[in-house]
Amino acid sequence: MAFARRKRDEPFEAVHWDEITQFTVGRMMRNTIRRSKRVEGPHAVRFMRTRAGDEYMVPGVFIMPLEPARPLSKGGFRLYEDEDSRQLLCTVLPDGSDRYRVTDAAGLELGSVRRTPVAKRLTQQSLWMEQPGYPPIVALRNWARGGPGAAVDRGVGHVLEGVVDSLLSFGSDEVGDSGSAPKPVVWTVGAEAADETGPDGGYREAVLTCRRANQSHAWYFVMREGWLDKRLAFALVVLRESEAFGADRR
């Protein structure tokens, strides 16, 4: 029995931040049926591992606010590879406009996370990314894909009657059918025009996807090998989850 206890307590193998492709944000370290066995840890970007039937949310990137008394979206934050905050991964800092500058450990700019203007938030998710040398990385709301005609066909008028206020929030999920889980949110390249297809008629390249089962943890999926700097994806998700869903408090 002593051996079994030690086995359960063994730490999971570390994963380099650039190898993380599926992640969530929060403090919960173990997802079990019994709430009393759930354990909280530092605010972190976490990936899942399973052991003895339990799901463990293993920290991969640690989140530290620049100004602890202020929300992350107001005061900015740093991401570290280690819990002791010795190996800086990047810094995310608002510049006073709609932009969050993302810089590496040497202070070189990696790109930015941007807020969508309020006037566009009925058709576009409220955060998007810029990486130098590439088109904007934007997530359209489901009813906005395919253009205005498709939006009417999907009954957007009925949706607007009841949820305009929530849709204008910092980062609410797409609305699913009654009783269903929210639909995935997908950030694609060059989707500012409300059209889900590219200039060649094919689907636009999906860069980052969010799936949320009702109000449980949101899981984000990013390309394993691709041109997107994952630090930009981490920055966007930390902002989105912390501001809209309180991931730093749960």
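The values are calculated or read from the model by the stated rules, or taken from the named source; none is laboratory data. Since we're looking at a predicted model, the values are computed, not measured. Here the Cβ positions follow ideal geometry from the backbone for every residue, glycine too, while neighbour counts run over all protein chains shown. Side chains included, ligands, DNA and RNA excluded: accessible areas come from the protein's heavy atoms. Shrake-Rupley method; radii C 1.70, N 1.55, O 1.52, S 1.80 Å.
Within the stretch 102-116, the residues that satisfy the criterion of being in a loop (DSSP other than H, G, I, E, B) and open to solvent by 10 Å² or more (accessible area, probe 1.4 Å) are Asp104, Ala105, Ala106, Gly107, Leu108. Scanning the stretch 110-138 for residues that are more than 15 Å from the chain's Cα centre (by Cα) and among the small types (Gly, Ala, Ser), we see that the one that is modelled with the highest pLDDT is Gly111.
If only one of Leu228, Leu208, Leu239 is surrounded by 14 or more Cβ atoms within 10 Å (Cβ to Cβ), modelled with pLDDT of 70 or more and assigned to a loop (DSSP other than H, G, I, E, B), which one is it? It is Leu228.
Residue by residue through the stretch 1-46, note down the ones that are assigned to a strand (DSSP E or B) and at pLDDT below 90. Those that are assigned to a strand (DSSP E or B) and at pLDDT below 90: Met28, Arg30, Asn31, Glu40.
Here the stretch 71-100 is the region considered, the condition is being among the charged types (D, E, K, R) and closer than 27 Å to Val39 by Cβ, and the residue that is most open to solvent (accessible area, probe 1.4 Å) is Arg86. Checked against (1) part of a loop (DSSP other than H, G, I, E, B); (2) in contact (Cβ under 8 Å) with a residue 12 or more places away in the chain; (3) surrounded by fewer than 16 Cβ atoms within 10 Å (Cβ to Cβ), Arg49 passes all but a single condition, namely (1).
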